[in-house]
Amino acid sequence: MKKTVLVSGGAGFIGSHVSVELIQAGYDVVVADNLSNCDMTGYEGVCKITGRDDIPFVKTDFCSEEQTEALFSAYKIDAVIHFAAFKAVGESVAKPVMYYKNNLSSFLNVLEAASAHGCHNVLFSSSATVYGEPDKVPVTEESPRKPATSPYGNTKQMCEDILNDTVRATAGTEGEIKGILLRYFNPIGAHPSALIGELPRGIPNNLVPFITQTAIGRRECLSIFGNDYPTPDGTCLRDYIDIVDLAKAHVCAVARMLDGKMDKPCEVFNIGTGRPVSVLELVNSFEKVNHLKLNYKFAPRRDGDVTAIWADPTLANKVLGWKAERSVDETLAAAWAWEKHLAGK
Ligand code: UFG
């Protein structure tokens, strides 16, 4: 029998790409989203790419216990992937209550409903932000979690803990929950079809949407935040991972849960490439692969940025049988194709 995966936040950037990969791998998917930070473009793109017109979309606010409960009553869910959350670091500093309320209550409601309805498998979308400024790079899953530098980061740590505690407390009970935490590094790019991608509202906080919007003329100039870091070219180092590669990791993780292959009831995996790339290198690659010149300048460091962080993805490579495959160039070409698609070019 086909298994059904609920994707909370399934109309968003990561959720839409994950929905596509799950459907293409043969799962039934229920896309649920409250559309607070996106429109229906993501969901419509999922339908177009998969050639399906029967994918359920349920407008759901996971902060509502009633709506979450109704969703789990309406569908027999075998696994849930929880993306629905606010994600802007700066905004979380300005509006902590809003972030804690939204990110925690939605996850608590999902866990409660999953446990009550016999959905035993919960995958939580976590972030490399839980490692803070690491003492040693690359970071493994054993690297210590550092105190969060923003309420957003704190919600990721807290949700990790909540899942761990729930897994421990429900072990052996009827409402047993098994958990997988995927810690993403820097997801970038877009689907090669250019039908789904990142749709930031307002001025983008993240590097790649700012680059593509500058290239298309929506922004005047990219500011590179800091060129005096102790790195080879003075700019920060990150592990940029292609969004489709990242999405495929979820398919491997879901299969592992549903096939009963987990070694521990709560597992953690770094989802990254293992390849550090500096901001300047990324900008240079974008210019080269897309044959254009980007207007950029060096600007002061941005508060809260860590100097360098990249993944040791060995565990995910071995245990999930997953590996990031796309080059930075391919990913930046896809990001540009998506920006042009948005501009109707
Ligand atoms: N950067 C610029 N100019 C910009 C935007 C970003 O120079 O206009 C630089 C940043 O200073 C940083 C790098 O580009 O060095 C990457 O910045 P992003 O904002 O794209 O990504 P971050 O690494 O800061 O943040 C990502 C996720 C967050 C997560 C964080 C820590 O977007 O959700 O990693 O894990 F919290």
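For this structure, a couple of remarks:
- Residue list for segment 50-106, filter: among the β-branched types (Val, Ile, Thr) and either under 28 Å from residue 186 (Cβ atoms) or not in a helix (DSSP H, G or I) (or both): 50, 55, 58, 60, 77, 80, 81, 89, 93, 97
- Test: residue in segment 114-136 that is of a type in the set (Asp, Glu) and in a helix (DSSP H, G or I): no
- Tally of residues being open to solvent by less than 20 Å² (accessible area, probe 1.4 Å) and within 15 Å of the ligand (Cβ to nearest atom) across segment 89-106: 3
- Of all residues in segment 108-155, those that are open to solvent by less than 50 Å² (accessible area, probe 1.4 Å) and away from the ligand (no atom under 16 Å from the Cβ) total 11.
- Of everything in segment 218-252 that is open to solvent by 40 Å² or more (accessible area, probe 1.4 Å) and of a type in the set (Lys, Arg), the residue that is nearest to the ligand (Cβ to nearest atom) is 219.
- Subset of segment 166-214 (residues that are more than 11 Å from the ligand (Cβ to nearest atom) and among the aliphatic types (A, V, I, L, M)): 167, 169, 171, 177, 180, 181, 182, 190, 194, 195, 196, 199
- Hits in segment 259-294 - residues which are touching a helix residue (DSSP H, G or I) at 6+ places or on another chain (Cβ under 7 Å) and without any contact (Cβ under 8 Å) to a residue 24 or more places away in the chain: 293
- Count - residues of segment 22-42 that are surrounded by fewer than 24 Cβ atoms within 10 Å (Cβ to Cβ) and in a helix (DSSP H, G or I): 3
- Residue 214, sole failed condition from (1) at pLDDT below 95; (2) over 18 Å from the mean Cα position of the chain (by Cα): (1)
- Residue list for segment 303-323, filter: at pLDDT below 95 and open to solvent by 40 Å² or more (accessible area, probe 1.4 Å): 303, 304
- Scanning segment 38-70 for residues that are in contact with a helix residue (DSSP H, G or I) (Cβ under 8 Å, 6 or more places away or on another chain) and either outside the structural domain of residue 18 (by TED's automatic domain parsing) or β-branched (Val, Ile, Thr) (or both) turns up 46, 49, 50, 55, 58, 60, 68.
- When residues of segment 203-217 are limited to those that are without any contact (Cβ under 8 Å) to a residue 40 or more places away in the chain and open to solvent by 50 Å² or more (accessible area, probe 1.4 Å), the one farthest from residue 240 (Cα to Cα): 217
The values are calculated or read from the model by the stated rules, or taken from the named source; none is laboratory data. Keep in mind that what you see is a predicted model, and the values were worked out from it rather than measured. We place every Cβ from the backbone using ideal geometry, glycine too, and count neighbours over all the protein chains shown. These area figures cover heavy atoms from the full protein model, side chains too; ligands, DNA and RNA do not enter into them. Shrake-Rupley method; radii C 1.70, N 1.55, O 1.52, S 1.80 Å.
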